[in-house]
Amino acid sequence: MRELFIYYRSRAEREAEVVERVRALQAGLCRRHPPLVARLLRRPQIRDGLLTWMETYSTDPMHQPDGVSAELQQDIEAHAAALRDCIEGERHTEV
């Protein structure tokens, strides 16, 4: 099953904003793509004033056993562009 793991950093003082915006983004994606399962995780340490985040995306194997399609990945990335102003550096995706 194909899953996505997306890593990035944000300033520690923007933690609440990142959580709010990513959760809203993920909720919208899950509404548009019902088999989608999205999570937001954060490393507990702050390094150089930055937090490290990880978004995960998978699908319910009963409804979409192949996992996250290339088309769904493109939709996730298109909507994630709205986060650009609250993260530091690039988003890194592992499949």
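The values are calculated or read from the model by the stated rules, or taken from the named source; none is laboratory data. In this text, all values refer to a predicted model and were calculated from it rather than measured experimentally. As a convention, Cβ positions derive from the backbone with ideal geometry for all residues, glycine included, and neighbour counts pool all protein chains shown. Protein only, heavy atoms only, side chains kept; ligands, DNA and RNA dropped before computing areas. Shrake-Rupley method; radii C 1.70, N 1.55, O 1.52, S 1.80 Å.
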Check whether at least one residue in segment 36-45 is surrounded by 15 or more Cβ atoms within 10 Å (Cβ to Cβ) and small (Gly, Ala, Ser), and report yes or no.
yes
Any hit, segment 71-78, residues being at pLDDT 95 or above and touching a Lys or Arg at 6+ places or on another chain (Cβ under 6 Å)
no
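In segment 14-36, which residues are farther than 23 Å from Ser58 by Cβ and in contact (Cβ under 8 Å) with a residue 24 or more places away in the chain? Spell out the reasoning first.
Going through segment 14-36, the residues farther than 23 Å from Ser58 by Cβ turn out to be 14-17.
Listed by number, the residues that qualify are Arg14, Glu15, Glu17.
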Residue list for segment 52-95, restricted to those being surrounded by 13 or more Cβ atoms within 10 Å (Cβ to Cβ), hydrophobic (A, V, I, L, M, F, W, C) and without any contact (Cβ under 8 Å) to a residue 40 or more places away in the chain
Leu72
Evaluate segment 2-19: report whether one residue or more is open to solvent by less than 100 Å² (accessible area, probe 1.4 Å), in contact with a helix residue (DSSP H, G or I) (Cβ under 7 Å, 6 or more places away or on another chain) and on the phi > 0 side of the Ramachandran plot.
no
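What number of residues in segment 20-30 are open to solvent by 60 Å² or more (accessible area, probe 1.4 Å) and touching a helix residue (DSSP H, G or I) at 6+ places or on another chain (Cβ under 9 Å)? Give the steps one after another, and end with the answer.
First pass over segment 20-30, keeping only residues open to solvent by 60 Å² or more (accessible area, probe 1.4 Å): 20-21, 23-24.
Keeping just the survivors that are touching a helix residue (DSSP H, G or I) at 6+ places or on another chain (Cβ under 9 Å) gives 21.
Here the count works out to 1.
Considering only segment 9-34, how many residues are in contact with a Ser or Thr (Cβ under 9 Å, 6 or more places away or on another chain) and closer than 13 Å to Ile76 by Cβ? Break it down stepwise before answering.
Step one: list which residues in segment 9-34 are in contact with a Ser or Thr (Cβ under 9 Å, 6 or more places away or on another chain), which gives 9-10, 17-18, 33.
Going one step further and asking which of them are closer than 13 Å to Ile76 by Cβ, we end up with 33.
Number of matching residues: 1.
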